[in-house]
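Note sheet for the following structure.
The values are calculated or read from the model by the stated rules, or taken from the named source; none is laboratory data. Note that the structure is a prediction, hence the values are computed from the model and not measured. Counting neighbours? That spans all protein chains shown, and the Cβs are built from the backbone with ideal geometry, glycine included.
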Amino acid sequence: MTSPYIAVNGVTFRYGPEQTILDNITLNIEKGEFVSVIGPSGCGKSTLLRLLAGLIKPVAGSVTVSSQPVTGPGLDRAVVFQDYSLFPWMTCQENIVLALERAGLGKTKTERREIALGFLSLVGLALDGNKLPGELSGGMRQRTAIARALAINAPTLLMDEPFGALDEITRARQQDLLLELWQGGQGEKEAGKTVFFVTHDVEEAIILGDRVIVMGSQPGRVVKDLAVTLPRPRTRMTSIQHKNFPSLRDYLLTELNLVVDERLAPPIEAGAAI
């Protein structure tokens, strides 16, 4: 039997002896899957992502990627954080060039600059490459961070509310861009990537994901693991207009309300379609 590409086995994480953030999390993700994760604030979504990134270690259980234990950060996992994480003294283009250098991509600095500009163009920042992060809006800084993550061509993308700082129109465009890249449109190198996508937006989770993981809190745990049955390839508009979209959205909103109220629905089989 083939092992899952990402395996989270019985993972518990806590700060100190009494503050348990995640409790006995078990989750399998196949190669090439797009998994959306939703849940109330404080349920451990970002903590789980940081465990996958190797930035923190569990106190119990294990995390593996491609059958290898995660012991720290690696170039096989690109991360987009909520707080941009750009070097403020470097231009947008230079931030991406540095990431390419660290990843060993591009033969020359000129080639790396061309690659960086290409990905800045993808996220709508072709004219802003020479600006410092402090000269940009929060949404533009986040798009730069997304461009950097895409540029290093890691097989796994770990994305922590990457579109949360964007205005509604830009957010919708970036959702479509990510779908197009992941589904193999203009960004052939991005096709087939495994994506772990944390969001507070139920509609976004449905539009993007093959599955939606619903997490409960106090402590953080997996409450639901639901397959999204909307056909692919997708765009934001085709997803929203699909006849099953309203029922998917309403079901997940109900589940989130149950989590918040600490009245969990009866468990269903992991991966069951709705």
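Here are the criteria: (1) assigned to a helix (DSSP H, G or I); (2) of a type in the set (A, V, I, L, M, F, W, C); (3) in contact with a Lys or Arg (Cβ under 9 Å, 6 or more places away or on another chain). Tell me which single one L75 does not satisfy.
So L75 meets the others, but not (1).
Which of (1) touching a Gly at 6+ places or on another chain (Cβ under 7 Å); (2) closer than 19 Å to V259 by Cα is the odd one out, the single condition V11 does not satisfy?
Only one criterion in (1) touching a Gly at 6+ places or on another chain (Cβ under 7 Å); (2) closer than 19 Å to V259 by Cα is unmet by V11, namely (2).
Check off (1) under 18 Å from V11 (Cα atoms); (2) assigned to a loop (DSSP other than H, G, I, E, B) for S62 and give me the number that stays unchecked.
In the conditions (1) under 18 Å from V11 (Cα atoms); (2) assigned to a loop (DSSP other than H, G, I, E, B), S62 misses (2) alone.
Take the residues in segment 33-58 that are among the small types (G, A, S) and over 13 Å from the mean Cα position of the chain (by Cα); name whichever of them is surrounded by the most Cβ atoms within 10 Å (Cβ to Cβ).
Among those that are among the small types (G, A, S) and over 13 Å from the mean Cα position of the chain (by Cα), it is G39.
For every residue, the table says whether it meets (1) more than 16 Å from D83 (Cα to Cα); (2) charged (D, E, K, R); (3) surrounded by 13 or more Cβ atoms within 10 Å (Cβ to Cβ).
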site: K109; (1), (2), (3): yes, yes, no
site: L117; (1), (2), (3): yes, no, yes
site: A126; (1), (2), (3): yes, no, no
site: N130; (1), (2), (3): yes, no, no
site: M140; (1), (2), (3): no, no, yes
site: A145; (1), (2), (3): no, no, yes
site: A149; (1), (2), (3): no, no, yes
site: I152; (1), (2), (3): yes, no, yes
site: P155; (1), (2), (3): yes, no, yes
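Kindly indicate whether D160 is surrounded by 17 or more Cβ atoms within 10 Å (Cβ to Cβ) and either modelled with pLDDT of 90 or more or not small (G, A, S) (or both).
Taking the combined requirement at face value, the residue satisfies it.
Please work out which one of (1) assigned to a helix (DSSP H, G or I); (2) under 23 Å from R173 (Cβ atoms); (3) out of contact with any helix residue (DSSP H, G or I) (no Cβ under 7 Å at 6 or more places or on another chain) is the condition P231 fails and give its number.
(1)
From the residues in segment 129-147 that are over 15 Å from L117 (Cβ atoms) and over 21 Å from the mean Cα position of the chain (by Cα), which one is modelled with the lowest pLDDT?
That would be S137.
Among all residue pairs at least 6 apart or on different chains, which show Cβ distances below 7 Å where the first residue, located in segment 217-240, is within 25 Å of V259 (Cα to Cα) and the second is among the basic types (K, R)?
Correct list of pairs: D225/R211; L226/R211; A227/R211; V228/R211.
Kindly list the number of the only condition in (1) surrounded by fewer than 22 Cβ atoms within 10 Å (Cβ to Cβ); (2) within 15 Å of V70 (Cα to Cα) that fails for E18.
The failed condition is (2).
Out of the residues in segment 238-262 that are closer than 19 Å to L178 by Cα and in contact with a helix residue (DSSP H, G or I) (Cβ under 8 Å, 6 or more places away or on another chain), state the one that is surrounded by the most Cβ atoms within 10 Å (Cβ to Cβ).
S239
Considering P40, P17, which residue is touching a residue at least 12 places away in the same chain (Cβ under 8 Å) and assigned to a loop (DSSP other than H, G, I, E, B)?
P40
State yes or no: is E94 surrounded by fewer than 17 Cβ atoms within 10 Å (Cβ to Cβ) and charged (D, E, K, R)?
Here the answer is no, as E94 does not meet what is asked.
What are the residue pairs meeting all of these: first residue in segment 157-176, first residue over 15 Å from L125 (Cβ atoms) and touching a residue at least 60 places away in the same chain (Cβ under 8 Å), second residue among the hydroxyl-bearing types (S, T, Y) and not in a helix (DSSP H, G or I), Cβ atoms under 6 Å, and 6 or more apart or on different chains?
E161/T199; D176/T235
Determine which single condition F163 fails, assuming it passes every other condition in (1) assigned to a strand (DSSP E or B); (2) in contact with a helix residue (DSSP H, G or I) (Cβ under 6 Å, 6 or more places away or on another chain).
(1)
Among (1) in a loop (DSSP other than H, G, I, E, B); (2) in contact (Cβ under 8 Å) with a residue 40 or more places away in the chain, there is one condition N95 misses while meeting the rest; what is its number?
(1)
Mind listing whichever residues of segment 80-91 are crowded, with 17+ Cβ neighbours inside 10 Å and over 21 Å from the mean Cα position of the chain (by Cα)?
Residue satisfying the conditions is T91 alone.
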